[in-house]
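Below: one structure, written as structure tokens.
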There are 6 protein chains.
Amino acid sequence: MELLVVKDRRMDYDGSAIRSHWAYRNFGILGNSLVVFRGRCDVKVGEMIDIEDLRASKEIRSDNMVHYIVEVFDLVNTLFASTLQKLFIAKLCEVLGDYGVKTTRKGDDIYVNGRKLSISIATVSPVSVKVHIGINVEAKGIPEGVDAVGLRELGITDVEDFMERTGRTLVEEFEKVKKDSLKVRWAQ
Amino acid sequence: MELLVVKDRRMDYDGSAIRSHWAYRNFGILGNSLVVFRGRCDVKVGEMIDIEDLRASKEIRSDNMVHYIVEVFDLVNTLFASTLQKLFIAKLCEVLGDYGVKTTRKGDDIYVNGRKLSISIATVSPVSVKVHIGINVEAKGIPEGVDAVGLRELGITDVEDFMERTGRTLVEEFEKVKKDSLKVRWAQ
Amino acid sequence: MELLVVKDRRMDYDGSAIRSHWAYRNFGILGNSLVVFRGRCDVKVGEMIDIEDLRASKEIRSDNMVHYIVEVFDLVNTLFASTLQKLFIAKLCEVLGDYGVKTTRKGDDIYVNGRKLSISIATVSPVSVKVHIGINVEAKGIPEGVDAVGLRELGITDVEDFMERTGRTLVEEFEKVKKDSLKVRWAQ
Amino acid sequence: MELLVVKDRRMDYDGSAIRSHWAYRNFGILGNSLVVFRGRCDVKVGEMIDIEDLRASKEIRSDNMVHYIVEVFDLVNTLFASTLQKLFIAKLCEVLGDYGVKTTRKGDDIYVNGRKLSISIATVSPVSVKVHIGINVEAKGIPEGVDAVGLRELGITDVEDFMERTGRTLVEEFEKVKKDSLKVRWAQ
Amino acid sequence: MELLVVKDRRMDYDGSAIRSHWAYRNFGILGNSLVVFRGRCDVKVGEMIDIEDLRASKEIRSDNMVHYIVEVFDLVNTLFASTLQKLFIAKLCEVLGDYGVKTTRKGDDIYVNGRKLSISIATVSPVSVKVHIGINVEAKGIPEGVDAVGLRELGITDVEDFMERTGRTLVEEFEKVKKDSLKVRWAQ
Amino acid sequence: MELLVVKDRRMDYDGSAIRSHWAYRNFGILGNSLVVFRGRCDVKVGEMIDIEDLRASKEIRSDNMVHYIVEVFDLVNTLFASTLQKLFIAKLCEVLGDYGVKTTRKGDDIYVNGRKLSISIATVSPVSVKVHIGINVEAKGIPEGVDAVGLRELGITDVEDFMERTGRTLVEEFEKVKKDSLKVRWAQ
């Protein structure tokens, strides 16, 4: 899994990055990839993946987020997509723990003292598994009724360092998962 | 995923429970299952799944462990097996955190202050994904050279309650993963 | 497989219900589902799935039909879709036999005394298997040249009861198929 | 799907024909196949596929049966195996109907007036789907407690003709299923 | 794999033939197919499959080509698509060798004395594997900067015979591949 | 795909290297691999994979061969296995062409002037695709009735160089196949 942390500019997330080969089309990264970038989040209805949100007419917005776009080509399956997503969220919570931030994970949501830090979705394209994770840098521009929190409030102010560190950690987690999948014999 | 917590007796783990349909053959549990039980661990060489361990002639032993045997029939794939295993280990760490125990997860290993609390393996049979996780109740009967720790040393003395609580939590985690996999539309 | 029999209103079938997650989007039913409803049938060319029909410029129309929309997420494969479709058609014939109606099944078509009672299609979306079955309540609004028959002519006048009974029977058939798939060991 | 009806000799079924490539090893039939033969049935415990039967210590025996061994290489999946099995059983019931025999199908079991006519199992090998169906010619040598019936009692005395006719019909059914799976476009 | 060599007319390739069921929609060929035809090549940007080409804003053009459109429904996977494509290209090189033309194959490109003879792409639809191969009849209308060569320059002037011969050879190659896949037992 | 060319010793091939994880068990090579070695060939009946050979009671023997053992974990499917095998054989023929040796490939067999140079088999384990290719160094110890030829007779006397060169070329071919599979968008 190749890592790209985009630091030289802001990029907004409108949902279209969930499409297949987004990392290859935009950055020339072939194969499994994790792209970390920073920018606004405002998912257009036509790009929304979570039908539960669509049914509830939820808005998915935040003014300032760190975004993670994962693409894995090994296996095209929504159950695997959902499992990998939860593992990556759990890993992010472990890293936040290293920062001294105590989190609660509920599936693919991260909470700090009952306030929502993140959004996430996992699905498949016809050729890959895709995951988006967004972590608030600041709790601004959030849909009404959502009690949100951002990294800055939690004392994590060097956002670029956070992007770099979490990016590397998630890639290492995936490589460990992959390696372990290759070293076991099958069972009867 | 059906949960069975075996409380009325001790059962030893010799590695054969990693075979397909073990839960159905022994307990009549059809389909996805998690069986939690307690007993010794002494994996016979013929049942060892981790070829890395086989190559290193490692022993896998402990006198007193809580065992988790997971079987999932939805998808037969070692990368999925390895991902699900790591997620379950991460979840166990989160539960240990609720007990006040600070853990470090390295892939599928749980450490407390540098001491090893657990063993685990994940693989496939021709019809299912299988995961075994073992958590030391006491650090006894461990292979030489392994600096181990057990639940009791960590202050978790009501082992049956721990088995029940972790069992329920892992099943809930899986059900959430499964539910989320069904509510997302595919991406282009 | 969750069953929904829509009795409180008529719903027309224009072919768009064959898309993935139709039951979840419209009724909030997550996972495998069977939705039974009643209404006109007029499949738009852009929604036609059967390329043989498209090539022959066939029309797919009927003024009054019982419709079954099946979605299964376990396995995405057209051969499985086609097999499940034929099994469900065979089951419907068995139920019609219980009503005293003698049918002839030709693949996915049901005939009574040489007259066509039903239409059906089975395919895949990128995340699921989808099947549509339509059974004429009356042989009205049928494309010219098709010698059709409807349930009323066959003496089945309590259409709601028929919808309920067939819906339950098809779900039971699927659950039996699923259960049996889990209780067998693999063969060498 | 190639059909072989073995008429020149009796062959007993001990369960080993459920293994992969049995038709190729024994008759040189490459690819999808249906082999129909006649003989005793006495499944050895080591060859039993149905774990439910194993758990109940059931015997699977009959002195005189028509046997069908199906192998399909297109798709290796137990849910597909179980679906195809039920469709084939339903088709056999339809043919029995043409003989004037009124049957009741319960999943993969055929009953005539509450008496059991058949046995069946469906599973996977690592490379194929395998189905066995056995139909009693006479209700002899049946395990105690099973109220069985045979073809002869039902007035079907030309067993070779029955083997030929059902064999051809099942192959036609499969070819129709396969053809239909290829003529449909995918749905969104 | 059914073969169709279109000789009675010219057909241009604009990229849309890469879509699923193109052979069935246009020629009524059900299942695996190879269609060989002759005509211009001018792939519209909206139909381009190779994202590397898209990123480089490459043009894919030639005034006079023999085209091969392959569709295989057995297995939907891009690694398989890419492997089959290379094998077919290698086979075409072998046939060219029989014509006395010495070629160099680089992946899916055929060169003669450093000049490019062919273009090719392989991908999946949601239901099939699709491959396009184009071989220049004349090196005319080729994008600037590409040093191309055509069959005529190589002394192959009976293009219809070449289409027929290569078509038959590729289908035989596939049938051999398929047959061999069915005659091997699985390994432990 | 990792390459290992074993030069420091002879190793015989008895067929057991076709089993899954052979390269990892014996050389610690994790994941996709190609191991090239030299030694006798004498496949035990219990290890024979080709059922056609088993049915014909063929012997598979040669006193001096270069062996290639391929394992690919990306996709478990016999059609893919058979396709990859043919591509690798075609590539070996291309390399032999570079040596000035004119070959004829028939599926997975290499002939030089009608004499057999090679043997090969491709199959799956439950977790991988496996291919064995053997090329005679000398035509000694070959089963009676087979008109064989070896590399030495063809003027290729630096066998270690041949092993190194073909090994590298096959790995490059696979990497190209893999890369191309990742750079294409899916087709409708």
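The values are calculated or read from the model by the stated rules, or taken from the named source; none is laboratory data. Being a predicted model, the structure only gives us computed values, none of them experimental. All Cβ positions, glycine included, derive from the backbone under ideal geometry; neighbour counts span all protein chains shown.
Got at least one residue in segment F:101-120 being over 11 Å from the mean Cα position of the chain (by Cα), within 11 Å of chain E (Cβ to nearest Cβ), more than 17 Å from F:PHE174 (Cα to Cα) and β-branched (Val, Ile, Thr)? Checked segment F:101-120: at least one residue is over 11 Å from the mean Cα position of the chain (by Cα), within 11 Å of chain E (Cβ to nearest Cβ), more than 17 Å from F:PHE174 (Cα to Cα) and β-branched (Val, Ile, Thr). Among the residues making up segment E:23-54, a single one is among the charged types (D, E, K, R) and under 18 Å from C:ASP50 (Cα atoms): E:ARG25.
For the list (1) within 13 Å of chain E (Cβ to nearest Cβ); (2) crowded, with 19+ Cβ neighbours inside 10 Å, I need the number of the one condition that F:TYR13 fails. Checking F:TYR13 against (1) within 13 Å of chain E (Cβ to nearest Cβ); (2) crowded, with 19+ Cβ neighbours inside 10 Å, the one that fails is (1).
Anything in segment C:1-32 that is on the phi > 0 side of the Ramachandran plot and among the small types (Gly, Ala, Ser)? List them, or say none. Matches in segment C:1-32: C:GLY15, C:GLY28, C:GLY31. The single condition from (1) of a type in the set (S, T, N, Q); (2) within 13 Å of chain B (Cβ to nearest Cβ); (3) in contact with a Cys (Cβ under 6 Å, 6 or more places away or on another chain) that A:SER62 fails is (2). Return the residues of segment E:1-29 that are in contact with a helix residue (DSSP H, G or I) (Cβ under 9 Å, 6 or more places away or on another chain) and without any contact (Cβ under 8 Å) to a residue 12 or more places away in the chain; say none if nothing qualifies. Answer for segment E:1-29, where residues must be in contact with a helix residue (DSSP H, G or I) (Cβ under 9 Å, 6 or more places away or on another chain) and without any contact (Cβ under 8 Å) to a residue 12 or more places away in the chain: E:TYR24, E:ARG25, E:ASN26, E:GLY28.
Among the residues of segment E:72-90, those that are at the interface with chain F (Cβ under 7 Å from one of its Cβ atoms) and not polar (S, T, N, Q) comprise E:ASP74, E:LEU75, E:LEU79, E:PHE80, E:ALA81, E:LEU84, E:LYS86, E:LEU87, E:ALA90.
For A:LEU92, state whether it is in contact with a strand residue (DSSP E or B) (Cβ under 7 Å, 6 or more places away or on another chain) and more than 17 Å from A:ASN136 (Cα to Cα). Spelling it out, it is not the case that A:LEU92 is in contact with a strand residue (DSSP E or B) (Cβ under 7 Å, 6 or more places away or on another chain) and more than 17 Å from A:ASN136 (Cα to Cα).
Looking only at segment D:113-146, residues that are closer than 15 Å to D:VAL66 by Cβ and either not in a loop (DSSP other than H, G, I, E, B) or not β-branched (Val, Ile, Thr) (or both) come to 15 in all.
Among the conditions (1) farther than 15 Å from B:TYR99 by Cα; (2) touching a residue at least 60 places away in the same chain (Cβ under 8 Å); (3) not basic (Lys, Arg), B:MET163 misses just one, which is (1). When E:VAL124 is tested against the conditions (1) surrounded by fewer than 20 Cβ atoms within 10 Å (Cβ to Cβ); (2) within 14 Å of chain F (Cβ to nearest Cβ), the lone failure is (1). For segment C:166-185, the criterion of being within 14 Å of chain D (Cβ to nearest Cβ), under 16 Å from the mean Cα position of the chain (by Cα), surrounded by fewer than 20 Cβ atoms within 10 Å (Cβ to Cβ) and aliphatic (A, V, I, L, M) is satisfied by at least one residue. Residues in segment D:147-171 that are among the aliphatic types (A, V, I, L, M) and more than 15 Å from D:ASN64 (Cα to Cα): D:LEU170, D:VAL171. When E:PHE88 is tested against (1) touching a helix residue (DSSP H, G or I) at 6+ places or on another chain (Cβ under 7 Å); (2) over 25 Å from F:LEU96 (Cα atoms); (3) aromatic (Phe, Trp, Tyr), just one condition goes unmet, and that condition is (2).
Scan segment E:139-172 for residues that are within 15 Å of E:ASP63 (Cα to Cα) and small (Gly, Ala, Ser) and the total you get is 4.
Rundown of residues vs (1) touching a strand residue (DSSP E or B) at 6+ places or on another chain (Cβ under 8 Å); (2) of a type in the set (Phe, Trp, Tyr); (3) without any contact (Cβ under 8 Å) to a residue 12 or more places away in the chain, yes/no style:
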| residue | (1), (2), (3) |
| --- | --- |
| F:HIS67 | yes, no, no |
| F:LEU87 | no, no, no |
| F:ARG105 | yes, no, no |
| F:LEU117 | yes, no, no |
| F:GLU144 | no, no, yes |
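Considering only segment F:19-105, give the helices (runs of 4 or more DSSP H) lying wholly within it that have at least 2 residues that are modelled with pLDDT of 95 or more and buried (at least 24 other Cβ atoms within 10 Å of the Cβ).
Passing ranges, in order: F:78-98.
Among the candidates F:GLU144, F:GLU153, F:GLU160, which residue alone is surrounded by fewer than 20 Cβ atoms within 10 Å (Cβ to Cβ), more than 10 Å from every other protein chain (Cβ to nearest Cβ) and within 22 Å of F:ALA17 (Cβ to Cβ)?
Of the residues listed, the single one that is surrounded by fewer than 20 Cβ atoms within 10 Å (Cβ to Cβ), more than 10 Å from every other protein chain (Cβ to nearest Cβ) and within 22 Å of F:ALA17 (Cβ to Cβ) is F:GLU160.
Of the numbered criteria (1) in a loop (DSSP other than H, G, I, E, B); (2) more than 9 Å from chain D (Cβ to nearest Cβ); (3) buried (at least 17 other Cβ atoms within 10 Å of the Cβ), the one C:LYS7 fails is (3).
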